[in-house]
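Single-structure report; data block below.
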Amino acid sequence: MSYADLTDVRLEQIEADLRNEYAAYCSQGLALNMARGKPSKEQLELSRPMLDCIGSSSLLDAEDGTDCCNYGAMDGITEAKRLMAAIMDDRPERTCVFGNSSLNIMFDLVTCGMLHGYRGSAPWCTLPRVKWICPVPGYDRHFAITESYGIEMIPVALGETGPDMDEVERIAASDDAVKGIWCVPQYSNPSGITYDDETVRRLASMPCAADDFRIFWDNAYCVHHLDETQAAHVADIAQACEDAGHPDRYFKFASTSKVTFPGAGIAAVAASEANIAEIKQRVSIQTVGYDKLNQLRHVRFLRDASGVREHMAKHAAILRPKFELVERMLEEGLGDTGCASWSKPVGGYFVSFDGMPGTAKRTVELARQAGVTMTGAGATWPRKNDPRDANIRIAPTLPPLDELEQAMKVFVCCVKLASIEALRNER
């Protein structure tokens, strides 16, 4: 029965039992971490053979003869561009491969907008104000980039098929200070939803007051299916923008951060020919070249799109039981309490959890005191300000199954305690 339907006496009885359970957890000296979406050690082991793909006796030339030990190919070696283009559903000639972090590329492109402007448009730093559309719940590191430049972030609700497009269209069309939108279109962080075709079409075709409006299309989880038979796929934003007559509207991003090694992967951006030309011009000033040996290593290990699928199936075999465990424990522990809801992703790295309004910070704090570290409450909103104080991002990937089970027991207990406290305060 829902907690809201219980009498005060019954709630007090349940709370007393939960306090005892919680005290027992606190006494165990736990140190469990579900804060960030890191691959587990078992997942990292999958890519160890990549380290043997090149050695001191290896041929270290790219297929076009580029010496990967020397300067050159600042936009990536040909075979790395072909590999990342296949992952991003684009063309090699419209793809640049850089260092290990797609977030770094996004930061650079926002910086370019601020300091230089896009394709002849005024630099944003010369404007009285700059605004950005932020689907929520969303990715905290995206929001940190725009916040770092003082850009006004406008939250827009993210539903099962993508952001509220009526609201996105209204905002983009009504104000030329609105310069962009953050999108994680497939297995969104943290909700796990995938944008439907209509959302992609509307994003590409919507009227924008700003000619330099850009869709930052961070398709970070495009190959991260938990079960290939249920795999979701998002429509191609590049083709949609071209069809709508706005070929320069998007930047696509992807990386191998959770495919191979998060600290030593490769990252790429794909865009229109005009945008790529501008990016190359900037990069030619910014660096004398990225790590081509790492690009070569990745290509020889992953090979092609088929090789990526084979490799990601190994990841899925490790991750799937963890997501199944989280779903089972949330359902068994909270399904009949009426105080929570959560996403049920078929890919990606997170579960989005919504407790009762006003309970997220309390839940996270209770968990912390019991030895379980969660992503901070509010992190999925701009400036870490969730107005309902309800959303929590669950990251089940890092802990081994036994530790994950223990952490979820603590989490469920904390959700129940925070919910009962909130209900008692209302009465």
Notebook entry, point to check: Within region 371-427, how many residues are open to solvent by 60 Å² or more (accessible area, probe 1.4 Å) and within 16 Å of residue 358 (Cα to Cα)?
Noted result: 8
Next item on the list: Looking only at region 242-257, decide whether some residue is at pLDDT 95 or above and touching a Pro at 6+ places or on another chain (Cβ under 8 Å).
Entry: no
Next item on the list: State which residue pairs qualify: first residue open to solvent by 70 Å² or more (accessible area, probe 1.4 Å) and inside region 38-66, second residue hydroxyl-bearing (Ser, Thr, Tyr) in any location, beta carbons under 9 Å apart, and separation of 6 or more residues or different chains.
Entry: 38/349; 38/397; 63/78; 64/78
Next item on the list: For region 335-361, enumerate the residues that are touching a residue at least 40 places away in the same chain (Cβ under 8 Å), touching a Ser or Thr at 6+ places or on another chain (Cβ under 9 Å) and either open to solvent by 50 Å² or more (accessible area, probe 1.4 Å) or among the charged types (D, E, K, R) (or both).
Entry: 336, 338
Notebook entry, point to check: Out of 331, 310, which single residue is open to solvent by 60 Å² or more (accessible area, probe 1.4 Å), over 30 Å from residue 1 (Cβ atoms) and modelled with pLDDT of 95 or more?
Noted result: 310
Margin query: Restricting to region 1-21, name every residue that is assigned to a helix (DSSP H, G or I), of a type in the set (A, V, I, L, M, F, W, C) and surrounded by 12 or more Cβ atoms within 10 Å (Cβ to Cβ).
Written below: 4, 11, 14, 18
Check: Does residue 71 satisfy the criteria of being of a type in the set (Phe, Trp, Tyr) and open to solvent by 60 Å² or more (accessible area, probe 1.4 Å)?
Finding: yes
Check: Can you name the residue in region 248-282 that is of a type in the set (A, V, I, L, M) and open to solvent by 10 Å² or more (accessible area, probe 1.4 Å) and, of all such residues, is nearest to residue 119 (Cα to Cα)?
Finding: 274
Margin query: With the requirement that a residue be in contact with a Gly (Cβ under 7 Å, 6 or more places away or on another chain) and in contact (Cβ under 8 Å) with a residue 60 or more places away in the chain, what does region 194-230 give you?
Written below: 212, 214, 216, 221, 224, 225, 226
Next item on the list: Could you check, for region 210-218, whether at least one of its residues is closer than 30 Å to residue 318 by Cβ and either surrounded by fewer than 24 Cβ atoms within 10 Å (Cβ to Cβ) or among the basic types (Lys, Arg) (or both)?
Entry: yes
Margin query: Among the numbered criteria (1) assigned to a loop (DSSP other than H, G, I, E, B); (2) in contact with a Leu (Cβ under 9 Å, 6 or more places away or on another chain); (3) under 30 Å from residue 148 (Cα atoms); (4) among the polar types (S, T, N, Q), which one does residue 33 miss?
Written below: (1)
Next item on the list: Could you list, in sequence order, all residues of region 290-334 that are aromatic (Phe, Trp, Tyr) and either under 28 Å from residue 411 (Cβ atoms) or without any contact (Cβ under 8 Å) to a residue 40 or more places away in the chain (or both)?
Entry: 323
Notebook entry, point to check: Of all the helices (runs of 4 or more DSSP H) wholly in region 75-193, which have at least 2 residues that are touching a residue at least 60 places away in the same chain (Cβ under 8 Å) and under 20 Å from residue 251 (Cα atoms)?
Noted result: 78-88, 102-115, 140-148
Note to self: I'd like the residue in region 283-300 that is in contact with a Leu (Cβ under 9 Å, 6 or more places away or on another chain) and closer than 21 Å to residue 41 by Cα and, out of all such residues, is surrounded by the fewest Cβ atoms within 10 Å (Cβ to Cβ).
What the structure shows: 297
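The values are calculated or read from the model by the stated rules, or taken from the named source; none is laboratory data. Not measured: the values here are computed from a predicted model. Don't worry about glycine lacking a Cβ; one is built from the backbone with ideal geometry, like all the others, and counts go over all protein chains shown. Ligands, DNA and RNA are excluded from the accessible area calculation, which covers all protein heavy atoms including side chains. Shrake-Rupley method; radii C 1.70, N 1.55, O 1.52, S 1.80 Å.
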